[in-house]
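K.L.:
Structure in structure tokens, see below.
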Amino acid sequence: MDKLAIIGGRPLYGEIPISGAKNSALKVMVASLLTDKPLTLTNVPRLADVEMLLRLLEQHGVEVDFEGSTLKLHGRTITSTEAPYDLVRKMRASFNVLGPLLAREGKAKVSLPGGCAIGARPVDLHLKALTAMGAAIELDEGYVIAEAPKGLHGAEVTFPFVSVGATEHAMLAAVLADGETVLKNAAREPEITDLAECLNAMGAKVSDAGTSTIKIEGVAQLNTAQHAVLPDRIETGAYAMAVGATGGELTLKGARSDLLGAAWSVLEEAGLTIEDVDGGVRVKRNGNPVKAVDIVTQPFPGFPTDLQAQFMALMVTANGVSRIKETIFENRFMHAPELSRMGANISVDGQTATVRGVKRLKGAPVMATDLRASMSLVIAGLAAEGQTMINRVYHLDRGFERLEEKLANCGALIERVRE
């Protein structure tokens with residue numbers, strides 16, 4: 001199992017190209033199941049999660065051509081409407097093939113996704129939305145068996161709480177439904193808007209994406225289209241926080257500051273200088289360590305839960321005491337004990353972590369528990385004295401493209417140790 005070895009204490013200088021957003025790419029890829037016409041996606045990151053979903057799409061009959069960052073998908077014929085456990089269990093986004101298969105073929109059998117290290121993350125909201133659109137759904141031995149032999153119909157769906165996954169899933173199913181679907185209390189994340197833009201390019205009629213009420217007028221069929229995946233806001237924020245932890249100056253090529261919501265203002269409050277430049281965003285921290293800042297994770301445009309772990313890594317050497325409240329997922333402070341192994345002073349009480357800044361971290365062997373926690377350990381390792389060895393880096397491979405190469409090009413001493 002691969003490890004990452006990092007010798008810390010070096011500031012970062014240079015340029016880092018920001019890849020396409022993993023969380024968006026996975027959902028627009030699934031849209032290929034909705035049509036028998038080709039879908040071409042550009043700016044697609046080469047990640048383990050992307051490769052895993054491609055295996056599932058191929059299993060359903062989608063033809064795949066992936067060169068560089070351009071991905072061509074052609075669901076000419078759906079050869080199977082079943083998504084087996086072995087493929088779905090490894091990644092929750094795979095579950096979103098259910099709606100498109102149901103909308104196009106009138107039936108689907110999809111395994112429930114596996115457990116998640118950061119909480120239960122149930123799929124009941126997904127199933128309630130599909131049921132409202134006319135699907136007959138039953139659960140049998142860990143599988144969702146759904147049927148809509150006469151097709152789906154428009155419906156009004158009100159989510160009891162904001163769910164990105166359920167919003168995306170309902171959008172994917174509704175574009176081929178008969179009539180209008182209205183999604184209330186919908187998620188407003190940039191990835192929702194990106195999915196809507198891709199679907200509309202295919203001939204769908206989705207309006208008001210990015211607001212809390214999304215309207216979808218069903219169409220009879222979708223057509224061929226090309227769509228560029230938006231840049232990854234989580235990768236952008238993570239590298240910005242790495243600069244905050246180490247010092248230096250990075251230009252994040254291709255990044256868009258409008259995608260970060262509250263995260264940018266929080267980082268500026270902490271003492272980073274952030275400015276839009278031609279083709280990206282420049283982030284720098286000169287002189288003193290960052291200041292402690294309190295955050296509460298919230299749906300967009302609030303502070304994203306997917307940057308909470310990285311922000312904690314930034315705060316462990318900040319001046320002062322910061323309080324981090326996690327409101328989206330339970331069990332999402334599992335990186336705190338690993339950071340403490342490096343000298344961090346963190347106490348966790350329920351949903352709140354209190355971080356008392358220390359003068360320095362010291363390298364240590366640590367273990368990644370999930371994707372975002374992995375990046376928090378990288379940031380801490382870059383700032384620490386001595387060597388940090390990060391175990392279970394396969395988590396990083398799920399969401400950060402060419403991580404070692406990008407950081408090494410900016411002065412980091414980082415390498416992959418293969419075993």
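Values in this text are rule-based calculations from the coordinates and carry no lab data. In this text the structure is predicted, and so the values were computed from the model without any measurement. Cβ coordinates were reconstructed from backbone atoms using ideal geometry, including for glycine residues, and neighbour counts include every protein chain displayed.
K.L.:
At 0.36 nm per residue, minus the direct Cα-Cα distance, what do SER212 and MET1 gain on full extension? Give it in nm, one decimal, please.
P.N.:
71.7 nm
K.L.:
Let me ask something additional. What FRET efficiency, computed as 1/(1 + (r/R0)^6) with R0 = 56 Å and r the Cβ-Cβ distance, is obtained for ASP65 and ASN286, rounded to the nearest 0.05?
P.N.:
The value I calculate is 0.75.
K.L.:
Starting from the eigenvalues of the Cα gyration tensor, five times each then square-rooted, give me the equivalent ellipsoid semi-axes of the chain, largest first, whole Å.
P.N.:
38, 21, 20
K.L.:
For LYS184, go through the lysines and keep the ones whose alpha-carbon is under 23 Å away, minus same-chain ones fewer than eight residues off.
P.N.:
Counting by Cα, and skipping residues close in sequence, LYS184 has these lysines nearby: LYS27, LYS128, LYS205, LYS215.
K.L.:
What FRET efficiency, computed as 1/(1 + (r/R0)^6) with R0 = 41 Å and r the Cβ-Cβ distance, is obtained for GLU138 and THR224, rounded to the nearest 0.05?
P.N.:
The calculated FRET efficiency here is 0.70.
K.L.:
I'd like the FRET efficiency for ASP294 and GLU105, computed as 1/(1 + (r/R0)^6) with the beta carbon distance as r and R0 of 35 Å, rounded to 0.05.
P.N.:
0.10
K.L.:
Near VAL283, within a Cβ-to-Cβ distance under 9 Å, what is the net charge of the other residues, with Lys and Arg +1 and Asp and Glu -1?
P.N.:
+1
K.L.:
Right, something else. Tell me, what is the percent relative contact order of the chain, built from C-alpha pairs under 8 Å that lie six or more residues apart?
P.N.:
On the way: 1045 pairs, mean separation 88.6, N = 419.
Once normalised by length, the contact order is 21 percent.
K.L.:
Right, here's the next one. What is the gain in length, in nm to one decimal, between LYS205 and VAL277 on full extension, counting 0.36 nm per residue of separation less the C-alpha to C-alpha distance?
P.N.:
Between LYS205 and VAL277, full extension yields 22.5 nm more.
K.L.:
What's the angle, to the nearest 10 degrees (0 to 90), between helix 48-59's Cα axis and the longest principal axis of the chain?
P.N.:
10 degrees
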